[in-house]
Amino acid sequence: MRVVIAGGHGKIALRLERLLSADGDQPVALIRNPDHVADVEAAGAEAVVLDLEKASVDEVAAVVRGADAVVFAAGAGPGSGAARKDTVDRGAAALLADAAEAAGVDRYLMVSAIAVDKEPPPGTDEVYAAYSRAKKAADDDLRARKLAWTIIRPGALTDDPGTGRVALDVEVERGSVPRDDVAEVLLAALRRPFTAGLTLELVEGTVPIVPALTDAAGDRA
């Protein structure tokens, strides 16, 4: 597979790139900072320097064209304000979807966040609330499209070693999950077309990843 990954220098993206490359696939990392080229190439990905806050649909579609799938793993990141939560976490996700449609690429995987369908409770930090609303808006936009989308909503992310065992369902109890396991779930979903149309929350758990995906998909698996 040729898989174009937005936010290609992120911690989840780099893990996914290594997994894809090890399996003989062709990851393509969209990155904003040219200083990150060496890192993504070391992970086995082709680096494309393209700022999704400034790029046009046509520019992104030119990179995406011919891919088997796209993955949105970008984010404004720590220290960014509410405005960039919207332009990156929502706007760039929609731009990637527009480009996928323009390029004729049907498969789209979204890395979202747990519980974003619920309005942030009173007293929530303003920037985190903006992040949560931007993620929900991006998910809602994607779910309204005719793409073969899958939305994965991880809990609190950690750099602990992955266990390969997760809790994965439409709704799960809040918890944490290693980035290793998030990347493995994304890879497993890419390999399984029956996950299209699913929005799944993800935390660490007790079920191996492929059976967890199969159980969450139910009769469509």
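Can you list the residues of the range 125-163 with backbone N under 16 Å from a point 7 Å past the Cα of Ala82, pointing along Cα to Cβ? Residues passing the 16 Å test: 125-137. Run through the range 122-221 and list the trypsin sites (Lys or Arg not before Pro) located in a DSSP loop whose Cβ has at most 16 other Cβ atoms within 10 Å. Passing both the DSSP loop test and the Cβ count: Arg145, Lys146, Arg174, Arg191.
Charge dipole (Cα centre; +1 on Lys/Arg Cβ, -1 on Asp/Glu Cβ; no other charges) of the range 114-185 amounts to roughly 320 debye. In the assembled protein chains, Lys118 presents an accessible area of approximately 120 Å² (probe radius 1.4 Å).
Cα-based values for the range 100-150, radius of gyration first and Dmax second, are 13.3, 43 Å. Computed about its Cα centre, the charge dipole of the range 74-153 is approximately 140 debye, with only Lys, Arg, Asp and Glu carrying charge at their Cβ.
Taking a Cβ cut-off of under 10 Å around Glu53, the surrounding Lys, Arg, Asp and Glu residues balance to a net charge of +2, with basic ones at +1 and acidic ones at -1.
If R0 is taken as 25 Å, the Cβ-Cβ distance between Asp117 and Asp35 corresponds to a FRET efficiency of 0.10. Extension gain, Arg65 to Val170: 0.36 nm times the residue separation minus the Cα-Cα distance gives 34.7 nm.
Per residue, the range 98-210 exposes 44 Å² of accessible surface when a 1.4 Å probe is rolled over the protein heavy atoms with every protein chain present.
Charged neighbours of Lys146, selected by a Cβ distance under 15 Å, balance to -2 (K, R count +1; D, E count -1).
Where a ≥ b ≥ c are the square roots of the eigenvalues of the C-alpha gyration tensor, would you call the range 31-81 rounded, which needs a/c under 1.5, or, failing that, prolate if a/b is larger than b/c, or oblate? Since a/c reaches 1.5 but b/c is at least a/b, the shape of the range 31-81 is classed as oblate. Note that the range 33-92 presents 48 Å² accessible area per residue, ligands and nucleic acids not counted, probe 1.4 Å.
With the convex hull drawn over the C-alpha atoms of the range 55-148, the volume per residue is 88 Å³. Taking the charge dipole of the chain about its Cα centre, with +1 at Lys and Arg Cβ atoms and -1 at Asp and Glu Cβ atoms, the residue from Gly175, Ala42, Thr158 reaching farthest to the positive side is Gly175.
Every pair of different Cα atoms in the chain enters the Kirkwood calculation, which places the hydrodynamic radius at 17.2 Å. Only the Cβ atoms of Lys and Arg (+1) and of Asp and Glu (-1) were treated as charged; on that basis the dipole of the chain about its Cα centre amounts to roughly 260 debye.
For Thr206, the accessible area of its heavy atoms, probed at 1.4 Å with every protein chain present, is near 110 square angstrom.
Of the accessible area of the chain, computed with a 1.4 Å probe over protein heavy atoms only, carbon and sulfur atoms account for 50 percent. Is the range 102-221 rounded, prolate or oblate when judged by the Cα gyration tensor, a ≥ b ≥ c being the square roots of its eigenvalues, rounded requiring a/c under 1.5 and prolate requiring a/b larger than b/c? Oblate is the answer for the range 102-221, as a/c is 1.5 or above yet b/c matches or exceeds a/b.
The values are calculated or read from the model by the stated rules, or taken from the named source; none is laboratory data. If you're wondering where the values come from, they're calculated on a predicted model, not measured in any experiment. Glycine gets a Cβ as well: all are built from the backbone with ideal geometry, and neighbour counts include every protein chain shown. Quick note on the areas: whole protein, heavy atoms, side chains included, nothing else; ligands and nucleic acids left out. Shrake-Rupley method; radii C 1.70, N 1.55, O 1.52, S 1.80 Å.
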